[in-house]
1. In sequence order, what are the phi-derived ³J(HN,Hα) couplings for segment 109-116 according to the Karplus relation 6.51 cos²θ - 1.76 cosθ + 1.60 with θ = phi - 60°, rounded to whole Hz, with x for glycine and proline?
2. Could you please state, rounded to a whole Å, how far the C-alpha centre of segment 62-123 is from the C-alpha centre of segment 220-277?
3. With angles folded into 0 to 90 degrees, how steeply does helix 208-230 sit against the dominant principal axis of the chain? Use alpha carbons for both and round to 10.
4. For the pair ILE224 and GLU161, what calculated FRET efficiency results from E = 1/(1 + (r/R0)^6), where r is the Cβ-Cβ distance and R0 = 51 Å, to the nearest 0.05?
5. First check a/c for segment 279-430, with a ≥ b ≥ c the square roots of the eigenvalues of its C-alpha gyration tensor; if it is under 1.5, answer rounded, and if not, answer prolate when a/b is larger than b/c or oblate otherwise.
6. Could you please report the charge total around GLY38, scoring K, R as +1 and D, E as -1 over all other residues with beta-carbon less than 11 angstrom from its beta-carbon?
7. Please report, to two decimal places, log10 I(q)/I(0) for segment 1-133 at q = 0.09, 0.14, 0.18 Å⁻¹ as given by the Debye formula with identical point scatterers on the Cα atoms and no solvent.
8. Note down the nm distance, to one decimal, between modelled labels 7 Å out along Cα→Cβ at PHE188 and at ARG307.
Amino acid sequence: MTSVGIDAIEIHTGKLRLDLPETFAPAMGDAPEKYTKGLGLHASSFPDTYEDIVTMGANAAHRLMTRKGLEPDDIGRIDVATESAFDQSKPVSTYIAGCLEQVFEGDFHHANKGERKFACVAGTQSIDDAYNWIRAGRHRDRAALVIATDTALYARDDPGEATQGAGAVAMLIDEDPDLVELSNEQGFGSADETDFLKPQQQFPSVDGKRSVNVYLARMREALIDYQRVAGTIHAEDFRLGPFHTPFPGMVRKAAVLAYRHITRDTEIEDELEAEIGRQPRHEEFDDDEAYMEALSEYTDALQGTERYKTWYARTIDPTLDISRHVGNWYTGSVHVARVSGLKSLAEDGEDAVGERLLVGSYGSGAQAEIHVETIQENWLEEIDALNIDEQLEARYELTFEEYEDVHDAHNYDEDAVVEEFTVPDSEFVFDGWGRMGERKYRFVE
């Protein structure tokens, strides 16, 4: 059976940078450690005034197609995952296709286009759709372009304000992929939750504590479900564990719960017994409260063991490097984590061909998905082609006052006119409004 997976990937970050400990924290009257140690964040990316979800997605896709030598006829579908859409009817994919048609010969008139919405998990769902489309033989030897693009803004003074971010990830899904092969097996955890939502509003309504708990619960359900179809998994089976990363601090919580779950009834639990005891079993307790308290104590102890710290440093921490400096990209976050982890392996000179990734995606509302990816022969060439370091270094450094202006510029309820901070170069930009209120775009040479 021909393998299907991610053949290529590109990232485009917003061009503005807000330093959290040095700029945001003093203005908010907070200690810098609240962000660097608590949330695990050092900076956020923001879009300049001529940037939005279309320009960021189109710029990432343009670079991907150019680098891979692709033309519109090579693409059979374009799926955009976003929770920042500005139109309830016309999908973002049509805008992005229109942008790309300005710079490529030919058009995407025979490509299927759509927009996926399920909070942050929609990017992974779009990959699933593309995978199924190819597996079903409906692709006519064409590839799928999946783009996760978001501007993750919160209302001013909202508790989530420090986790903001903006950027896009473009991925080419194809047969015989160069980067990673996708597994057939998937695990899901899904429930009707109200932890994070945008009922006809730009900025989200968030129950922060509930959102963390729902994230952890759905991830655990997805892991259990994955094991139903793929069999028992071991902590050492996977080289990397890219998780959805709204902020690295949440991944720290998820990682130890995942490790606790997959080491239960294994030799790792046996080896740790002398140090922290065995994991509590529900049948050993008279009530749920006592059991949950014991489980929490065991989890805290597990997190402090050298065995766990070593696993976390090797498997999880490398996936958080980029996120620490760009913030939350909603649908793109888990895909940034994948890139971050693979980039770390490349920088360490590791021969990772054949290594596996346990990928955990999540979207509020709520659903988690677990699947496995296997690193392919040409992965290093793909990762080396990324220019994300150059993009991060080139960002314009905002003062707090400038950040306030940029936030207003991207707030639909504000009529703010803010001059651009950077000069566009060889990229798509927002170019005003059309006769029906549509957004217009052009390519700047």
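Bear in mind these aren't lab numbers, they're just calculated from the coordinates by the rules spelled out. Note that the coordinates shown come from a computational prediction; the quantities given were computed from them, not determined experimentally. We place every Cβ from the backbone using ideal geometry, glycine too, and count neighbours over all the protein chains shown.
1. 5, 10, 9, 6, 10, x, 9, 9
2. Centre-to-centre (Cα) distance: 35 Å.
3. Approximately 80 degrees, to the nearest 10.
4. Computed FRET efficiency for GLU161 and ILE224 comes out at 0.90.
5. Taking the square roots of the gyration eigenvalues as a ≥ b ≥ c, segment 279-430 is oblate.
6. Numbers: positive: LYS34, LYS37, ARG252; negative: ASP30, GLU33.
Charge balance in the 11 Å sphere: +1.
7. Values, matching the q order: -0.36, -0.77, -1.06.
8. Between PHE188 and ARG307, the simple spin-label model gives 3.5 nm.
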